[in-house]
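The values are calculated or read from the model by the stated rules, or taken from the named source; none is laboratory data. Quick caveat: nothing in here was measured; it's all calculated off a predicted structure. Cβ placement follows ideal geometry from the backbone for every residue including glycine, while neighbour counts extend to all protein chains displayed. Keep in mind that these areas ignore ligands, DNA and RNA; they rest on the heavy atoms of the full protein, side chains included. Shrake-Rupley method; radii C 1.70, N 1.55, O 1.52, S 1.80 Å.
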Amino acid sequence: MKTILSTLTVLFFSSLLLAQKVDYKDNTIMVDGSGVATVYKIKGPMGLMNRFKIISMTGDTLMSAVYDEKAEENKDNNMSYYYIVTFITTNQKGIFPVSKLGTEKSLAKLIGKGNVIVGGKLDADKVKAFIEKEGKMPDNRVDYSIVDRNRNWIIELQTDKTIKQNSKIIGSFADVTPDGGVDTYQFTLPSGVVVASVSFSDGNNAQKCDVTTMKDNLTRSAPIPLKDHIDKSWSAIDRNYEALKRIVKWLIDNQYL
């Protein structure tokens, strides 16, 4: 038992001796008191995220770091950004979380603790291990951007199930009504991103519909008032053409299409 405890004690103190102290002062990444690289910040225009270059003490550019615009933010940790770090001299790349509070310092200390710079150069094996240990694979952010157009133009539902405004295709609709179920439709942006699922009763005479919108993950009852009763729709576009026109207008007015 004493032997085991002695061995553990030696290993513990050995690990303390091997642990490196990483700091960030005057734009310099410090490891055990020695500078290993400097960080150069490139300010993003118009409030966009800053970019960074990590440069060796001899002036060689080793890495670049840019904000990952496509990465979905971690819902369990909304205090972090995702940055793409390109290890230029070894042709490697990884995505890493860095703090929103003091992004530059967070990135610098992450690089320092990664111990990827050896003798002023990147070590490919250490970079690989660093990416495997600290790197992440975040989900891509869904782009719900709507088509830019003159929104005062009339709305047109086409026979090919596309929706036009100002002569531009702004989306499409699809009848996904289940067998024996209430009328249900999906609405999609030209990019293929589904923006809403809508269900309603009473066909073209529906006065309201249940709308689920994906951008904000909301489900609500939306009014689609009708002045005069419709006996029958003669449109070849869809059996619920008149109701769909009112639903599409609601989606447009609320910035979903």
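Considering only residues that are among the β-branched types (Val, Ile, Thr) and closer than 14 Å to Arg246 by Cα, look in the stretch 178-216 and name the one that is surrounded by the fewest Cβ atoms within 10 Å (Cβ to Cβ). Filtering first and then ranking leaves Val211.
Scan the stretch 55-87 residue by residue and report those that are of a type in the set (A, V, I, L, M, F, W, C) and open to solvent by 20 Å² or more (accessible area, probe 1.4 Å). If the condition is that a residue be of a type in the set (A, V, I, L, M, F, W, C) and open to solvent by 20 Å² or more (accessible area, probe 1.4 Å), then Ile55, Met57, Val66, Met79, Ile84 are the ones that fit.
Here's the yes/no breakdown for (1) closer than 25 Å to Tyr144 by Cβ; (2) in a strand (DSSP E or B); (3) hydrophobic (A, V, I, L, M, F, W, C):
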{"site": "Phe173", "(1), (2), (3)": "yes, yes, yes"}
{"site": "Asn204", "(1), (2), (3)": "no, no, no"}
{"site": "Lys215", "(1), (2), (3)": "yes, no, no"}
{"site": "Ser235", "(1), (2), (3)": "no, no, no"}
{"site": "Arg246", "(1), (2), (3)": "yes, no, no"}
{"site": "Trp250", "(1), (2), (3)": "yes, no, yes"}
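The condition (being in contact with a Ser or Thr (Cβ under 6 Å, 6 or more places away or on another chain), aliphatic (A, V, I, L, M) and under 24 Å from Pro138 (Cα atoms)) is satisfied by just one residue among Val66, Val98: Val98. Screening Asn115 against (1) open to solvent by 30 Å² or more (accessible area, probe 1.4 Å); (2) without any contact (Cβ under 8 Å) to a residue 60 or more places away in the chain; (3) within 29 Å of Thr86 (Cα to Cα); (4) not charged (D, E, K, R) leaves a single unmet condition, (2). Residues that are in contact with a strand residue (DSSP E or B) (Cβ under 6 Å, 6 or more places away or on another chain) and basic (Lys, Arg) were ranked within the stretch 142-177; the one that is least open to solvent (accessible area, probe 1.4 Å) is Arg149. Taking the residues in the stretch 90-111 that are part of a helix (DSSP H, G or I) and touching a helix residue (DSSP H, G or I) at 6+ places or on another chain (Cβ under 9 Å) as candidates, determine which candidate is surrounded by the most Cβ atoms within 10 Å (Cβ to Cβ). For the stretch 90-111, the residue satisfying everything is Ile111. Beta carbons closer than 7 Å, at least 6 apart along the sequence or on distinct chains, never pair a first residue in the stretch 145-163 that is over 23 Å from Asp175 (Cβ atoms) with a second that is modelled with pLDDT under 95 and open to solvent by less than 80 Å² (accessible area, probe 1.4 Å).
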